[in-house]
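No value in this document is a laboratory result; all are computed from the given coordinates. Values in this document were obtained by computation on a predicted structure and should not be read as measured data. Here the Cβ positions follow ideal geometry from the backbone for every residue, glycine too, while neighbour counts run over all protein chains shown.
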Amino acid sequence: MDNLAAVEIVITGRVSTEEFDQTARKLEAFIARHGRVRVLEIIHDFEGMDAGAFWHDLKFSLRHLTDYSRCAIVSDAKWLSLWSAIAEPFIDCEVSHFPPEQIEAARDWLLWPEGAADVT
């Protein structure tokens, strides 16, 4: 998905520093081109990240606190909702969680025009 300044990221298994940095470079280039962006994170069987990836993720997140307008997280991991609730006061972004079977609903929500009425 690369439409309306939206990007889709799939995260599986254990994330290495190299994998994180590669994704971060692509996302930073996307942000540079589009300004504020929307992100769909699809998380399957996440096993964590190595210490370097965690550190790089923290630094990346702090640099880009205001660069996201909307984030949809697709995962069956309940702890992600808690993590988002903790981060919410520090970010200027709408965040919504969806179970894996609602991936299309997540895409619809992500691309729904800001300020548009929901007529469902």
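Quick look at the numbers
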quantity	calculated
FRET efficiency, T66 to R14 (Cβ-Cβ, R0 22 Å, nearest 0.05)	0.15
Simple Cβ-charge dipole of the range 6-111, Lys/Arg +1 and Asp/Glu -1, about Cα centre, in debye nearest 20	400
Estimated distance in nm for a label pair at R36 and F54, the labels positioned 7 Å out from Cα along Cα-to-Cβ	3.2
Sequence-distant residues sharing a close amide H with A6 (under 5 Å, placed H)	R38
Where labels lie 7 Å past Cα in the beta-carbon direction, separation of W79 and Q102 in nm	2.2
Helix-derived mean residue ellipticity, 222 nm - over the chain, DSSP H n ≥ 4, -39500 (n - 2.57), to 500	-12500 deg cm²/dmol
(1) 2, 9, 9, 8, 7, 6, 6, 6, 6, 5, 5, 5, 5, 5, 4, 4, 3, 2, 1, 0, 0; (2) 2, 11, 20, 24, 25, 13, 3, 2, 0; (3) 2, 10, 20, 23, 19, 11, 6, 3, 2, 2, 1, 0, 0, with the label sought being that of the calculated P(r) over Cα pairs in 5 Å bins from 0, in percent	(2)
Gained length - D21 relative to F46, 0.36 nm times residue gap less alpha-carbon distance	7.3 nm
